[in-house]
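What follows is one structure encoded as structure tokens, with my remarks underneath.
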Amino acid sequence: MSASSPTAPASDALPAVRPDRLPLFLIPVLALVALPLVKSFSTWVTLTFAGLAMGMIIFIIASGLTIVFGLMDVLNFGHGVFITLGAFLATAVLGTMTDWTGRDSLLFNLLAVLAAMLVAVAVTGVVGLAFERVIIRPVYGQPLKQIMITMGGAIVGEELIKVVWGPQAIPLPLPVAFRGSILFGEAAVERYRLIAVVIGLIVFAAMFWVLARTKIGLLIRAGVQDGEMVESLGYRIRRLFVGVFVTGAALAGLGGVLWGLYQQSVIPQMGELVIVLLFIVIIIGGMGSVGGCFIGALLVGLVSNYAGFLAPKVALFSNILLMVIVLLWRPEGLYPVGKR
Amino acid sequence: MSGPLLELQGVHTHIGAYHILHGVDLEVARGELTVLLGRNGAGKTTTLRSIMGLWHVSSGTVRFEGEDIGAFETPEVARRGIAYVPENMGIFADLTVCENLFLAARGAKRAEDMDPGRLELIFGQFPALKRFWQHPAGLLSGGQKQMLAVARAIVEPRKLLLVDEPSKGLAPAIIQNMVGAVRELKRTDTTILLVEQNFNFARQVGDRVAVMDGGRIVHAGTMAALAADEALQQRLLGLSLAAHQ
């Protein structure tokens, strides 16, 4: 929707709106601080792209989690199952399309990955619908039970994945055209990371457009602030929530495909391993904030890569450290959501 | 249709372990403004929230246009034509004034589709909303937020407005502005049930009055009669009108 109206006049009496852009500067500042520490410019470019690619994938996975929390105060510790499921579905789909993934053709490779993404999105969306109905719905408004039952759901989901695909790691090789690097001067940027950045940007732009320009998006933003008032206006927030939950699950499935390809191997525990990272991201961003989640994910991606290069031991706790620093600065995260 | 627009009979509401409403009987006639008065904790807000379905009634009936809506979910109550302005105003602070109104205009697919006649009515009463149309609602002053909350309730025609303490926390000049706005609303034949603690405000706008105490209606009658009877005011409210002025 367009926010303008034929009746809208110019306004001049309120103080000018000053959006809080300070957190946006964290990303370039972090990158610039890392440059002299890394010393080599080409290595810095490689690390920065790797960090951004990782951050974009984390954002795709975490965005649904943060909106689900913002809208209904539901902490879903079972979110990792959708990531794992998406990644395993990618092994199944791409495993049957080796003719396409084995060709040195960007078009065929992209089509194969697109097919895997579509299957992952569809299946995880349907599983998300069932998860909401069976696991989440009975425990609305009961945070402690939510934590217990969603953790239980994650365990059951992981075991079911083992039943279907087995407990062992399954390789998920990159399609041929995704392998290798592109040279920018002396800096090598892996092709797949470039693709992941592009996909991440497309998802972010689409999400931003929906949230800012459509009535559904407005309802989601309003619901995150005051769900009771949204219901008082005549909208069924439970229905909205189901839609958001399914979308969040589908995005996690999509992220699972990208994460699996990023790791080039999938294991049944991959969702469980990444869930802590996701919570760090949404806490850094401000629980319920999509913009905050985006910045948080990029920060986590960059810090992981810089720390992994500069001080591998520090990398083990670098994201926790990042979260502590951000929370000392802004105790409710970068973009706290003003709730009722 | 004859009979009251809204009728509560023997409404009991529990919030958790607490029994808040103890058999509320209340009628709201069409086209009139009924004020619900009472001390803090008397059950006024709970009554509005029970009508709205935000807290479910434990027993008793809530009839709106003859239909029992006591067990309805809040969106269904709102879709029957009941608008609610809560005590905290329920403004979406991160959304603009335009977006706040657009969400309340359920029939509009785009902001441009909002009824221009209703917008003119709103801008006539609350010109600040026109001036700050594209500003985030969170930047508005307390009085302007209250105006937006009321405007949101009338951006589409509604059969009944439930308004909770519209004068709360407002400066006297703004309260008079609100009195004017409510009177203007009454001229459009809108039925209003208004919770208020400011008796001076209530006296200026109310046609009928119901006084609550201990989760029950302890007095119902015309506002004119209560305003004229200082002893009754003292007995029911513990204060006379003179004390409010």
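Any read-out appearing in this document is the output of simple, stated calculations on the displayed coordinates, not a laboratory observation. What you see is a predicted model, and the numbers here were worked out from it, not measured in a lab. For neighbour counting, all protein chains shown are included, and Cβ atoms are generated from backbone atoms with ideal geometry for every residue, glycine included.
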Which of the three applies to segment A:38-329, rounded, prolate or oblate, going by the alpha-carbon gyration tensor with a ≥ b ≥ c and a/c under 1.5 meaning rounded?
prolate
What is the distance in Å between the Cα centres of segment A:93-114 and segment A:164-187?
12
What distance in nm separates the simple spin-label points at B:His56 and A:Leu35, each placed 7 Å from Cα in the Cβ direction?
6.1
Could you tell me the center-to-center distance, by alpha carbons, between segment B:137-216 and segment B:63-127 in angstrom?
15
Amide H partners (placed H, <5 Å) of B:Leu21, local residues excluded
B:Thr13
Using the count of nearby Cβ atoms within 10 Å as a rough guide to exposure, how do A:Phe245, A:Phe184, A:Phe59, A:Phe82 rank from fewest to most?
A:Phe184, A:Phe245, A:Phe59, A:Phe82
Within 10 Å of each Cβ in B:135-146, the average number of Cβ atoms from other chains:
2
Once you order the gyration tensor axes a ≥ b ≥ c over the Cα atoms, which shape class does segment B:36-172 get: rounded for a/c under 1.5, otherwise prolate or oblate by comparing a/b with b/c?
oblate
Using helices alone, what [θ] at 222 nm do you get for chain A, with -39,500 (n - 2.57) per DSSP H run of 4 or more residues, divided over all residues and rounded to the nearest 500?
-23500 deg cm²/dmol
In whole Å, how far is the Cα centre of segment A:286-311 from that of segment A:34-53?
15
Using only atoms on other chains, find how many Cβ atoms lie within 10 Å of each Cβ of peptide A:212-222 and report the average.
3
Could you list A:Ser105, A:Ser40 so that the one with the fewest beta carbons within 10 Å of its beta carbon is first and the one with the most is last?
A:Ser40, A:Ser105
Whole-Hz Karplus couplings 3J(HN,Hα) for segment B:160-169, θ = phi - 60° and coefficients 6.51, -1.76, 1.60, Gly and Pro as x, run 8, 10, 10, 10, 9, 6, x, 8, 4, x
Which of B:Ala220, B:Ala137, B:Ala228 moves most in a GNM of chain B, Cα contacts under 10 Å?
B:Ala228
Would you list, by chain and number, the aspartates and glutamates whose Cα falls below 15 Å from the Cα of A:Lys162, excluding same-chain residues fewer than 8 positions away?
A:Glu272
Which percentage, to the nearest 5, of the DSSP beta bridges contained in the protein assembly as shown is antiparallel?
60
Protection proxy ranking, peptides B:87-95, A:202-210, average beta carbon neighbours within 10 Å, highest first
B:87-95, A:202-210
In whole Hz, what ³J(HN,Hα) sequence does segment A:174-189 give by Karplus (6.51, -1.76, 1.60; θ = phi - 60°), x for Gly and Pro?
5, x, 4, 6, 8, 7, x, 10, 10, 8, 10, x, 9, 8, 9, 10
Ranked highest first by the average count of other Cβ atoms within 10 Å around their residues, in what order do B:153-163, A:25-35 fall?
B:153-163, A:25-35
Give the long-range amide H neighbours of B:Val35: residues separated by 5 or more places, or on another chain, with amide H under 5 Å away, using H modelled in the peptide plane at 1.01 Å from N.
B:Leu194, B:Asp207, B:Arg208, B:Val209, B:Ala210
Taking segment A:38-329 and dividing mean pair separation by its residue count, relative contact order in percent (alpha carbons under 8 Å, at least six apart):
40
How much of the pair distance distribution for chain B lies past 24 Å, counting alpha-carbon pairs only, in percent?
45
By average Cβ neighbour count within 10 Å, what is the ranking of B:202-213, A:150-161 from highest down?
B:202-213, A:150-161
Each residue of B:109-120 has, on average, a number of other protein chain C-beta atoms within 10 Å of its C-beta equal to 3
Among B:Arg118, B:Arg235, B:Arg30, which one shows the highest mean-square fluctuation when chain B is modelled as a Gaussian network with alpha-carbon springs under 10 Å?
B:Arg235
When only Cα pairs under 8 Å and 6 or more residues apart are kept, what is the percent relative contact order across segment B:93-157?
52
Taking K and R as +1 and D and E as -1, what net charge do the other residues with C-beta under 14 Å from the C-beta of B:Gly60 add up to?
-2
Note on segment B:85-220, DSSP bridge orientation, antiparallel percent to nearest 5 equals 45
Which residue, A:Val281, A:Val257, A:Val45, has the most motion in a Gaussian network model of chain A that connects Cα atoms within less than 10 Å?
A:Val45
Cα gyration tensor shape of the protein assembly as shown, rounded if a/c is under 1.5, else prolate or oblate by comparing a/b with b/c:
prolate
